[in-house]
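Scroll down for the structure; my scribbles are underneath it.
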Amino acid sequence: MAGKRKQILFSALEPGLGLKKALEHTQTEIIDIIKLSRLRGRGGAGFPTGLKWDLAYSAKAPKKFIVCNADEGEPGTFKDRILLNEHAKKIFEGMAIAGYAVGSQEGIIYLRAEYRYLRPVLVQAIDELRKAHLLGKKILGSDFQFDIDIHLGAGAYVCGEETALIESLEGKRGEARNKPPYPTESGYMGYPTVVNNVETFCYVPYILIEGAAWFQKFGTFESTGSKLFSISGDVKKPGVYELEMGTTVRQVLNLVEASDTKAVQVGGASGICVAEKDFDKPLAFESLPPGGSIIVFNRSRDMLNVLKNFMEFFVEESCGQCTPCREGTFRLLEGVKLMEQGQCSIHYLRVLRELAETMKISSKCGLGQMAPNPFLSIIDNFKGEILARDRVTDSIPL
Amino acid sequence: MKLESQTQNIARAVKRVCDEYHSRREKLLQILEELNELYGYLSEYVMKEVAKNLDMQVSEIYGVATFYSFLNTKPKGKNIIRLCQTVSCELAGKQRIANALENELGIRFGETTPDGMFSLEYTNCIGMCNQGPAMLINDDVYYNLDPEKAVDIVEKYH
Amino acid sequence: MPNMLAVCINGKECEVEFGTTILEAARKMNIHIPTLCYHDDLCLSGICRICLVEVDGEKTLQAACSAPITRPLHIRTHTEKVRKARRNILELMLSNHYGECYTCFRNQNCELQKLAKEYGVDSLRFGHVELPRHTKDTSSRSIIRDMDKCILCRRCVRTCHDFQGVGALEAAFRGIDTEIQTFLDHPLGDAVCINCGQCINRCPTGALRERDRSDEVWNAIDDPQKIVVMQTAPAPRASIGEEFGLPPGTSITRKLNTALKMVGFDYVFDTNFAADLTIMEEGTELLTRLKDFIVDKKPVSLPMITSCSPGWVKYCEHYYPDYLPHLSTCKSPQQMFGSLIKTYFAQKIKVDPKNIMVVSLMPCVAKKYESDRPEMSASGFKDVDYALTSRELAQMIKETGIRVTDLEDSDFDSPLGLGSGAGLIFGATGGVMEAAIRTVYEIITGEEVPFENLNVIPVRGMDGIKEAEISFQKTKEDWKFLEGKTLRVAIAHGTANAKKIMDKVASGEAQWHFIEIMACPGGCLGGGGQPIPTNENIRKARAKAIYDEDSHLNIRKSHSNPQIQMLYNEFLDHPNSKKAHKLLHTTYTRRGKI
Ligand SMILES: Cc1cc2nc3c(=O)[nH]c(=O)nc-3n(C[C@H](O)[C@H](O)[C@H](O)COP(=O)(O)O)c2cc1C
Ligand code: SF4
Ligand code: SF4
Ligand code: SF4
Ligand code: SF4
Ligand code: FES
Ligand code: FES
C-alpha cells in the first residue's frame, strides 16, 4: 500500500481567504477554533498551538510578538525550505491570523543564514501581501494592522530552540534561557511572544477556511492533520512528502521506494533511530514523534559511523553554557571513537549510557536533552554490530 | 596618512550600518552580518567601532561574533565554500567532494588559498539533504554534486 | 497578602510566596542543595546544573537555583536520579579540569573540591586532563587568570558585566570550545579591567586569583638591611579573622598587630592615620573648590569625587575621562602613607629611604596596580612597595604557625599609628563621606555634626546609591559664604552604581557637590582581596564590626587626631600646602573605553 497521501498544505489556497475568515471572528473564537482542531506545533515538541496562543492572548502587555521559526537546522530536514520558497504567503497569512488572535501587530521571521538566498523570495511575498492589504495597516479594510520583519540568523543550530532564538533576535549569543518564564509570558524584548514553526503557521489559514472539524479528520486523535516529511538517505525518491499523521514507517519506506532498509532515523539528529522491528509504528506524537525528517539507512551502512556523524554535529552545535550538554556530548563522541577502534569496554559503555540518561534529564534545553537520543537508540538497536568491531591497537586519535 | 583615511572610512561605514538600524542593541546580529559581508570578517577595529556606536562593551560583541559560525573574527577568503558534512550528504558521498575540493584548491578544510580567493569549510546540514552532496558558496547553494561538477562550480568563482 | 503556595521538600511542608525559587524555599527549610553557578550577589544563570532536584510531574530534573515555584510542588532533593545526575555532572567538570589541589590557592576553600568530597567522587570515569592546556595570564598587575581551572560557571562574567558594569570578561566561542576570554583574548593587563578583583571573590575555583607578592615580602623581611614597615587598612582587620575560622564581623586589629610583629615586620602602622590625612587634604580641597565656585565664580569641577578607590579611579579613567578633573587630586590613604614613610618617617628614624620597604595590608587587589603606577613615587622612591591582600597576609601568617586568635593585643607603633574613628570607617561604603562631613562641618560651623553620637546615618547602609544633604548655619567668619547653603552629597559602591551616578552628573540631572565612590560592593570591606566567600550578609557583618569599633573610640574626627596635627606642624605646614601637594596628591590618565 502506498502511504496515505491526503494533502492539506500542498493543496491550493486562495490568498487572504483565511485571514478574511479570521477577521469575521473574535480573538477568542479563533483561539477556540485552533484548539478544537487540536493542531500541534510542527517544530518538534508538538505543543498544542491553540493553548500557546491562548497563553499569549491572556498575557497582559502593551506589545506582543509573533515569531516564525525558520531556523530549520535539524539534520535531514528541508520541508520548511520548500514552504519558504514556494508557499511563503501561507506562512505570512498564518502569522497575521496569529497576530490578530493574540493581539500582536508585529511579526518576525527568523531565517537561518544558510537560507539567505531565500530572502528575496520572502521580501517579494511580503511586498505583494502589503499591496493586497493582507499585511500592513488596515488589513482588508479593518482596523487590524500587522507587519513582518525578516531577521537573519548567523549559523547556529541551537537558535532553533525558541528561547535561544529570542536571545539571538535580541542580538545576543544564542543561548537558551531558563524556563519559566516561557516566551508566551516574556519573550522578545520581554514581551509575550508566540514562536511557531513555519509549517505550523501554514495550516492556520486552511483551518480557518475549512473548519476545525475538517482538520481533525486527518491523522490520529492525538496528532491531527497532515505532516510534511523531509525524506533523504538510501531511498529512490527522496523529497518532501505531505502525509497524514499516523502513517507508519513502513508505509513511508514503500512510498519512497526504499529497499534493503536497515534503520530509519526519525526526527533528525535529535530524533531516534528505528530498527526494523519498529517499522510498523505510526509517525505521530504519541508514538514516534515525527519531527520533520526521515533518514533511511540500508544494510550497507555502518551505524556507528552514522552515530559518530550525529555526535559530531551536537558537539559543534551545543551552545556550551550548561555542563551536561557541553561536556557530555564531547564525552559521548569520544566514546563512539573508542568503539570505532574496538576499544570500548562493556563497563565503560554502561557508564556512557548512564551519562546519556543524565544528559536527557539534566540539560538546560532541548538540544542537550535530545542529543543522547541517537546515541541510546543506535547503541541499543545495533549493539551486536557495534561491539563486533575489531580492536585497533594503535593509539587512539581522539 | 593613507592608513588614517582608511580607518576613517571604516569608521564611517560602521556608523552608516549602525545608523541604518538606529544603533539599537537588539540589531547587533544584523549589523555584524552586514559588516561581515562588507569586509569578509569582523576586524578588531570594526568591533570596536560597533561597540562605540551601540554603547556596548566590545567584549560582548566579540562574544556574539564568536558564537555564530557565519561570523568571522579572522580574515577569510573572498569566497567561502561550505560543504555540508552532515549525515545525508555523508551518505550521498560528501567525502569524494571534499577530496576533490582539497586537491583542486591545494588547501585543507579550515584553510584559505594563498591568493585569498577561497576558504574551505565544513558546515552542518543546509537543508538540501534530498539532493546531496550539497554546498554553499557564499550565499549560493549547489546540490547533487559530484567531484567534477563541484570543481567546475568553484572554477566559476575565480 | 502575597500569593502563597504549599511546597513539600523531602516530605517537609512549607508555604512560600509565588515565584520563590526552589533553592530559596529549600534554604528556608534548612535543606541543603549544592550550587556552583549560582551566587547570592548575581543574576540567575542556571548553567552548571549541579543544583538539580526532582519535581513531581516534570519529566526532567529542575535546576533549583532558577526554577520559580508557580504551583504547589512536591520536590525531592536526593533521589537516585538526582544523585546520579549530580555525580555525572561533577565528573564531567572534573574530567575537563586541570589542576592539582595541593598547588592551588583555593585548596580547602574551593567549591568544586568541596563538592567532589561531598559527593564522594573517588574515580574519574570520564578521564582527567594530564597536562595544562592554557598558559596562565599573568599580564595584569593585580589579577592572574588560570583558565585550566575554569569550570565555565560564568560568575566572573556576570560580576564584571552586571555587578561592576565593566565587561572585561565574556564567554567566547561555543560548545566544547567555549572559553572565558577578554576581547580577542588580549592579555588582561591590556584589557579594560579596573582591577577590582570582584571576579576573584566570586569565582568558585582557583581560576582567578591575585598576583601574589608574599615571596617578595618574605625576602624583604629576611633581608637584614631592610626596615620593613607594615600599614594595615581597616577593612582587612574586620575580615581577616574569617581566614582563621572566626565568624564574619570579628575585628582582630590589635591581635593582628602582635602577629605582624611576630611575622617580622619592624613597624606596624595604621592606614587610618593616612585616612585622616586624606580627610584633611580632601576636605580642604572641597572647601577650596566651593569657595572658588561661590565666591570667586571660577569655573571649577564640581561635584568633586573621591579618589581613594583605585578600582573606581581606573573606571573613571576608562569610562569617564572627561570627568577626571572632578576627581579629588588626593592620593589614596595607602599611597599618602607610603610617601610619608619614605620622607617624614625616614627622616625621623634617620634611615635612608632606599632601605625602607613599605608593605600594606589591603582589602583590595586594585591597590597592587595603584602602588605600581609610575606617578606614585613622589618621595623619589616607590611609595608603597607591596600591597598585600587579606588573603595573602593570612597565608603568610599561617605559614609561620602563629595562631592569631590566641595572641595578646598590642598597639600600633608611633608616630603614624594613631587613626581616628573617621579614618576607620573608610572601610565601609559611606565612610569617607561621613568622615569628611564630621570634619568639614566642624571647620565651617565650629560645631560637631548635628547627628547623634556623630553617626551620620543617612550615608550608611548597603543601598547601592545613597544621597544626603547637610545645611550650614551659624558659619564661622571665613565661611560666611556658605551660610544657609546646603551641601548635597551622594554615595555609590560597585561601579555599576557609579555608572548610574556619573550618568546623572553628565546629564545634569543631579546637582551634587561631593560624591563618594567605591568600586567594590559595600566599600572596601567587600574588596576583591578579602576572604572568600562574600555575600551581602558577610559584608553587613563586617560593616557592623567597623562601625562598632568607631563608636568605641575616643578620637572620632580626623582633625582631632593629635598625630595629624603634629604632622602638619612638623612637616607639611597646612593642608594643601605646596609640600602636601607634592607628596600627597596625584594626577590621572585618560584611557580608552575599549
Ligand atoms: C535544539 C533545538 C532546535 C530546534 N530547532 C527548531 C527549528 O529549526 N525550527 C522549529 O520550528 N523549531 C525548532 N525547535 C523547536 C522550538 O524550540 C519550538 O518548540 C518551536 O519553534 C515551536 O513551534 P511549534 O509549536 O510550531 O512547533 C528546536 C528545538 C530545539 C531544542
Ligand atoms: S543543553 Fe546544550 S544547547 Fe541547551 S543550553 Fe545546555 S549547552 Fe546549550
Ligand atoms: S580549583 Fe579547586 S578543584 Fe581545582 S585544583 Fe584548585 S582546589 Fe583543586
Ligand atoms: S577585576 Fe574587576 S574589572 Fe577586572 S575582570 Fe575582574 S571584575 Fe572585571
Ligand atoms: S573563571 Fe571562575 S568564575 Fe569565571 S567562569 Fe571560570 S570558574 Fe567561573
Ligand atoms: S545533510 Fe547535507 S544538506 Fe542536509
Ligand atoms: S547552581 Fe543552579 S544551575 Fe548552577
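The values are calculated or read from the model by the stated rules, or taken from the named source; none is laboratory data. Keep in mind that what you see is a predicted model, and the values were worked out from it rather than measured. Counting neighbours? That spans all protein chains shown, and the Cβs are built from the backbone with ideal geometry, glycine included.
Conditions tested, residue by residue: (1) in contact (Cβ under 8 Å) with a residue 60 or more places away in the chain; (2) within 30 Å of A:I31 (Cα to Cα).
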| residue | (1), (2) |
| --- | --- |
| A:L208 | yes, yes |
| A:S232 | yes, no |
| A:K237 | no, no |
| A:V240 | yes, yes |
| A:S259 | no, no |
| A:I272 | yes, no |
| A:L283 | no, yes |
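Every residue in the range A:45-87 that is surrounded by 24 or more Cβ atoms within 10 Å (Cβ to Cβ), under 12 Å from the mean Cα position of the chain (by Cα) and not basic (K, R), please.
Residues satisfying the conditions are A:C68, A:N69, A:A70, A:D71, A:E72, A:G73, A:E74, A:P75, A:G76, A:T77, A:F78, A:D80.
Restricting to the range A:88-109, and then to whatever is surrounded by fewer than 24 Cβ atoms within 10 Å (Cβ to Cβ) and closer than 27 Å to A:P238 by Cα, can you tell me which residue is nearest to ligand 4 (Cβ to nearest atom)?
Among those residues, the one meeting the criterion is A:A88.
Return the residues of the range A:209-252 that are within 14 Å of another protein chain (Cβ to nearest Cβ) and assigned to a loop (DSSP other than H, G, I, E, B); say none if nothing qualifies. Break it down into steps so the answer makes sense when it comes.
The initial filter retains those residues of the range A:209-252 that are within 14 Å of another protein chain (Cβ to nearest Cβ), namely A:228-241, A:252.
Within the range A:209-252, A:D234, A:V235, A:K236, A:K237, A:P238 meet the criteria.
Answer yes or no as to whether C:T79 is more than 10 Å from chain A (Cβ to nearest Cβ), surrounded by fewer than 19 Cβ atoms within 10 Å (Cβ to Cβ) and farther than 19 Å from C:G19 by Cα.
Considered against the rule, which asks whether it is more than 10 Å from chain A (Cβ to nearest Cβ), surrounded by fewer than 19 Cβ atoms within 10 Å (Cβ to Cβ) and farther than 19 Å from C:G19 by Cα, C:T79 comes out as yes.
Taking the condition of being within 14 Å of chain A (Cβ to nearest Cβ) and assigned to a helix (DSSP H, G or I), how many residues in the range C:85-110 meet it?
Qualifying residue count, the range C:85-110: 11.
Working carefully through the options B:V50, B:V17, find the one that is closer than 26 Å to C:Y315 by Cα and at pLDDT 95 or above.
When all the criteria are applied, what remains is B:V50.
For A:C159, indicate whether it is outside the structural domain of A:A269 (by TED's automatic domain parsing) and farther than 26 Å from C:L152 by Cβ. Can you show your working first?
Working: outside the structural domain of A:A269 (by TED's automatic domain parsing): yes; farther than 26 Å from C:L152 by Cβ: no.
In short, no.
Looking only at residues that are surrounded by fewer than 16 Cβ atoms within 10 Å (Cβ to Cβ) and touching a residue at least 60 places away in the same chain (Cβ under 8 Å) in the range A:285-299, which one is farthest from the chain's Cα centre (by Cα)?
The extreme case among them is A:N298.
Of the conditions (1) more than 22 Å from C:R539 (Cα to Cα); (2) crowded, with 24+ Cβ neighbours inside 10 Å, C:G494 satisfies every one except a single condition; which number is it?
(1)
Name, by its number, the condition in (1) touching a residue at least 12 places away in the same chain (Cβ under 8 Å); (2) away from ligand 3 (no atom under 11 Å from the Cβ) that does not hold for C:A116.
(2)
All but one of (1) of a type outside the set (V, I, T); (2) closer than 25 Å to A:T163 by Cβ; (3) within 14 Å of ligand 1 (Cβ to nearest atom) hold for A:A59, so report the exception by its number.
Unmet for A:A59, out of (1) of a type outside the set (V, I, T); (2) closer than 25 Å to A:T163 by Cβ; (3) within 14 Å of ligand 1 (Cβ to nearest atom): (3).
Of the conditions (1) crowded, with 24+ Cβ neighbours inside 10 Å; (2) acidic (D, E); (3) within 25 Å of C:C110 (Cβ to Cβ), C:E282 satisfies every one except a single condition; which number is it?
Evaluating C:E282 over (1) crowded, with 24+ Cβ neighbours inside 10 Å; (2) acidic (D, E); (3) within 25 Å of C:C110 (Cβ to Cβ) leaves (3) as the failure.
For B:I126, work out the one condition from (1) touching a Pro at 6+ places or on another chain (Cβ under 9 Å); (2) away from chain C (no Cβ under 14 Å); (3) farther than 17 Å from B:Y41 by Cα; (4) buried (at least 18 other Cβ atoms within 10 Å of the Cβ) it doesn't fulfil.
(1) is the only condition that B:I126 fails.
C:C110 fails exactly one of the following numbered conditions: (1) out of contact with any Leu (no Cβ under 9 Å at 6 or more places or on another chain); (2) away from ligand 7 (no atom under 16 Å from the Cβ). What is the number of that condition?
C:C110 satisfies all of (1) out of contact with any Leu (no Cβ under 9 Å at 6 or more places or on another chain); (2) away from ligand 7 (no atom under 16 Å from the Cβ) except (2).
Go through (1) farther than 29 Å from A:E106 by Cβ; (2) in contact with a Gly (Cβ under 7 Å, 6 or more places away or on another chain) one by one and return the number of the condition A:V249 breaks.
Only one criterion is unmet by A:V249, namely (2).
Could you check, for the range B:84-104, whether at least one of its residues is within 14 Å of chain C (Cβ to nearest Cβ) and in contact (Cβ under 8 Å) with a residue 40 or more places away in the chain?
Here is the first cut: in the range B:84-104, the ones within 14 Å of chain C (Cβ to nearest Cβ) are none.
The answer is no; no qualifying residue exists.
Name every residue in the range A:168-199 that is surrounded by fewer than 24 Cβ atoms within 10 Å (Cβ to Cβ) and of a type in the set (D, E, K, R), in order of residue number.
A:E170, A:K172, A:R177, A:K179, A:E185
With over 18 Å from A:T247 (Cα atoms) and modelled with pLDDT of 95 or more as the only criterion, which of A:S37, A:S11 stands out?
Being over 18 Å from A:T247 (Cα atoms) and modelled with pLDDT of 95 or more holds for just one of A:S37, A:S11, which is A:S37.
Can you report the number of residues in the range C:369-405 which are among the β-branched types (V, I, T) and part of a helix (DSSP H, G or I)?
Number satisfying all stated conditions: 4.
Kindly evaluate A:E312 against the criterion of being more than 16 Å from ligand 4 (Cβ to nearest atom), among the charged types (D, E, K, R), closer than 25 Å to A:S232 by Cα and crowded, with 24+ Cβ neighbours inside 10 Å. Walk me through how you get there before you give the answer.
Numbers: more than 16 Å from ligand 4 (Cβ to nearest atom): yes; among the charged types (D, E, K, R): yes; closer than 25 Å to A:S232 by Cα: yes; crowded, with 24+ Cβ neighbours inside 10 Å: no.
It is false that A:E312 is more than 16 Å from ligand 4 (Cβ to nearest atom), among the charged types (D, E, K, R), closer than 25 Å to A:S232 by Cα and crowded, with 24+ Cβ neighbours inside 10 Å.
Scanning the range A:153-174 for residues that are within 18 Å of the chain's Cα centre (by Cα) and of a type in the set (D, E), which turns out farthest from the other protein chains (Cβ to nearest Cβ)?
My answer is A:E162.
Restricting to the range C:15-74, give me the number of residues that are polar (S, T, N, Q), away from ligand 7 (no atom under 15 Å from the Cβ) and either touching an Asp or Glu at 6+ places or on another chain (Cβ under 7 Å) or under 22 Å from C:E111 (Cα atoms) (or both).
Of the residues in the range C:15-74, 1 are polar (S, T, N, Q), away from ligand 7 (no atom under 15 Å from the Cβ) and either touching an Asp or Glu at 6+ places or on another chain (Cβ under 7 Å) or under 22 Å from C:E111 (Cα atoms) (or both).
Residue check, C:L52 against (1) touching a residue at least 24 places away in the same chain (Cβ under 8 Å); (2) away from ligand 5 (no atom under 14 Å from the Cβ); (3) more than 28 Å from A:A45 (Cβ to Cβ); (4) more than 29 Å from the chain's Cα centre (by Cα), all met but one. Which one?
The failed condition is (3).
What single numbered condition from (1) outside any helix (DSSP H, G or I); (2) buried (at least 20 other Cβ atoms within 10 Å of the Cβ) fails to hold for A:Y206?
The failed condition is (1).
From the residues in the range A:301-357 that are more than 7 Å from chain C (Cβ to nearest Cβ) and outside any helix (DSSP H, G or I), which one is nearest to A:D390 (Cα to Cα)?
Out of the qualifying residues, it is A:G342.
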